[in-house]
Amino acid sequence: MNINSLREHYREAGCRTLLVKELACNDNTKNQIYVGGDFTALNLLPFSDIEVDSSSKADSKRDRLKASVRFRWLTGSSDLRSINLILYPKYPEVRLSSLLGRGKSGTPEDQKDLLNSRAFGRLLFFGISDTGHVIGHCAGRSSELAGSYREERDKHGFEEAGVFQRIPLGGGNASSYELLISALREIVNREWITSMRLDSAGRIQPCLAQNCGGYTLEAALGIRPNSIAEPDFEGWEVKQIATSNLDRPTNAPVTLMTPEPDGGFYKSDGVIPFIRRYGYTDRMGRADRLNFGGAHKIGETHHLTRLRLVLEGFDPLQPSGWAADGALALVSETGVLAASWSFSGLLSHWNRKHARAVYLRSVRRRNGGQQYRFSPVVSLGIGTDFSLFLRAFQQHLMYYDPGIKLENASTDSPTTKRRSQFRIKSSDLEGLYREFRPVDVTTE
């Protein structure tokens, strides 16, 4: 097998992304496979929710987090099993364990031999499938595959993705960045685009609401709704910012995430009791309606909800900055935990979706129908970590701005709308990334 036939195998297996790590001598089953000195791997590998590891093997309950990945080998059994991503916030670093499994794991003998060794020059390939699992293959340094890989790497180079390199699965050697810029250039050159969205089958549907700019952009990029929480396009999260004039900078708020609370009264008793306790009468006079909204910032008690947003387990002066069992929380004036978001849950959302992001401004017009136009100058955010995310809250750049309501509140059958938004002004986005810069897609 050479690098081209490996590509074909991964394409036939339904993979859309192929990564490779050149293994060090210490990368073996005894020491675990090192996959990063930050949490970049969480953006690359699809995983389950992150949990605090409370097993006796951990130094303490605060020391590490664990997420499982559905996995199989390229050769051998097609049955899926779980391997683990182990996250150590204290360092920080991420390692991969349980790659060989236990008992009848379906791991081919040649793969076991390679992963148990300390040989230099081994290659570990990971294909990411359309259904959200990982397909692995390991090759020795002297193999035909390793030789053809090194030849193509030296000739064309591969795009770096943390400790991995990204191998194009399609024709040509375009990087994900080049594919993104090319796709955005086509959208900008189309000028006014009729408002639309894609359904789950990829069919174009009209989009009639006022806030269809994001749906229109995603549809133009061929992004359709799916249940896999991952970046939108070639490893890039794509965000639209509505504005009234493409020629002027905007300070419009951007909704970055909408995670539901996973702790506190909201979680234990439900959204209806939560709104009844902490909500307020609709301020526009709409009858029989309670709202829970407004910008909640760290350390401030909101004048309507009487809740204060706090960070528990975050110390920016410490090397790691945050504790594995920490949380962002809403606390009442009497100290009741009204709602909370665990750091493990927030980390899952943030790193998986926002390690690389592109932000586009759009304007809307009515011209026999709703249309959108997108600015040729986009903003690229590259490289982030969870400490930057938490620091943005601490510095009042990021805030919790929910849009939660209870209609027919006095009846036996009230209706609710849930939307827990984490937002930031577009002018403050650069604080979330190690690199943040404008790019003109028409000239890049």
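The values are calculated or read from the model by the stated rules, or taken from the named source; none is laboratory data. What you see is a predicted model, and the numbers here were worked out from it, not measured in a lab. A quick note on method: Cβ atoms are made from the backbone with ideal geometry, for glycine too, and the neighbour counts reach across all protein chains shown. The accessibility values were calculated without ligands, DNA or RNA, using every heavy atom of the protein model including side chains. Shrake-Rupley method; radii C 1.70, N 1.55, O 1.52, S 1.80 Å.
Please state which one of Gln205, Gln210 is open to solvent by 20 Å² or more (accessible area, probe 1.4 Å), more than 17 Å from Trp236 (Cα to Cα) and at pLDDT below 90.
Gln210
Every residue, every condition in (1) in contact with a Ser or Thr (Cβ under 6 Å, 6 or more places away or on another chain); (2) closer than 26 Å to Pro46 by Cα; (3) basic (Lys, Arg), yes or no:
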| position | (1), (2), (3) |
| --- | --- |
| Ile181 | no, yes, no |
| Arg190 | no, no, yes |
| Met196 | yes, no, no |
| Ile204 | no, no, no |
| Gly214 | no, yes, no |
| Leu217 | no, yes, no |
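When you look at Lys353, is it touching a His at 6+ places or on another chain (Cβ under 7 Å), more than 19 Å from Thr416 (Cβ to Cβ) and either charged (D, E, K, R) or open to solvent by less than 40 Å² (accessible area, probe 1.4 Å) (or both), yes or no?
no
Open to solvent by 70 Å² or more (accessible area, probe 1.4 Å) and part of a helix (DSSP H, G or I) - does that describe any residue in region 419-431?
yes
Which residue is surrounded by the most Cβ atoms within 10 Å (Cβ to Cβ), if the candidates are limited to region 391-418 and must be over 20 Å from Lys353 (Cα atoms) and of a type in the set (Gly, Ala, Ser)?
Filtering region 391-418 for residues that are over 20 Å from Lys353 (Cα atoms) and of a type in the set (Gly, Ala, Ser), the one surrounded by the most Cβ atoms within 10 Å (Cβ to Cβ) comes out as Ala409.
Take the conditions under 26 Å from the mean Cα position of the chain (by Cα), on the phi > 0 side of the Ramachandran plot and not in a strand (DSSP E or B) and apply them to His396. Does it pass?
yes
Taking the criterion of being part of a loop (DSSP other than H, G, I, E, B) and free of Cβ contacts under 8 Å to residues at least 40 places away in the same chain, would at least one residue in region 369-392 satisfy it?
no
Pick from region 322-337 the residues that are surrounded by fewer than 20 Cβ atoms within 10 Å (Cβ to Cβ) and either charged (D, E, K, R) or touching a strand residue (DSSP E or B) at 6+ places or on another chain (Cβ under 8 Å) (or both): which of them is modelled with the lowest pLDDT?
Selected residue: Ala323.
Tell me, please, whether a residue that is within 23 Å of Val69 (Cβ to Cβ) and touching a helix residue (DSSP H, G or I) at 6+ places or on another chain (Cβ under 8 Å) can be found in region 324-342.
Checked region 324-342: at least one residue is within 23 Å of Val69 (Cβ to Cβ) and touching a helix residue (DSSP H, G or I) at 6+ places or on another chain (Cβ under 8 Å).
Go through the residues of region 382-390 one by one and say whether even a single one is open to solvent by less than 60 Å² (accessible area, probe 1.4 Å) and charged (D, E, K, R).
yes
Restricting region 294-321 to residues that are of a type in the set (Lys, Arg) and touching a Phe, Trp or Tyr at 6+ places or on another chain (Cβ under 8 Å), which is surrounded by the most Cβ atoms within 10 Å (Cβ to Cβ)?
Once the filter is applied, the top-ranked residue is Lys297.
Might you let me know whether region 248-259 holds any residue that is within 21 Å of Arg419 (Cα to Cα), open to solvent by 70 Å² or more (accessible area, probe 1.4 Å) and touching a Leu at 6+ places or on another chain (Cβ under 7 Å)?
So far as region 248-259 goes, no, none of its residues is within 21 Å of Arg419 (Cα to Cα), open to solvent by 70 Å² or more (accessible area, probe 1.4 Å) and touching a Leu at 6+ places or on another chain (Cβ under 7 Å).
What number of residues in region 432-444 are touching a Gly at 6+ places or on another chain (Cβ under 7 Å), open to solvent by 30 Å² or more (accessible area, probe 1.4 Å) and part of a loop (DSSP other than H, G, I, E, B)?
1
Would you pick out the residues in region 137-157 that are outside any helix (DSSP H, G or I) and out of contact with any helix residue (DSSP H, G or I) (no Cβ under 8 Å at 6 or more places or on another chain)?
Arg141, Ser142, Ser143, Gly157
Does region 175-195 include one or more residues that are surrounded by fewer than 18 Cβ atoms within 10 Å (Cβ to Cβ), more than 30 Å from Ser375 (Cβ to Cβ) and without any contact (Cβ under 8 Å) to a residue 60 or more places away in the chain?
No, there is no match, as no residue in region 175-195 is surrounded by fewer than 18 Cβ atoms within 10 Å (Cβ to Cβ), more than 30 Å from Ser375 (Cβ to Cβ) and without any contact (Cβ under 8 Å) to a residue 60 or more places away in the chain.
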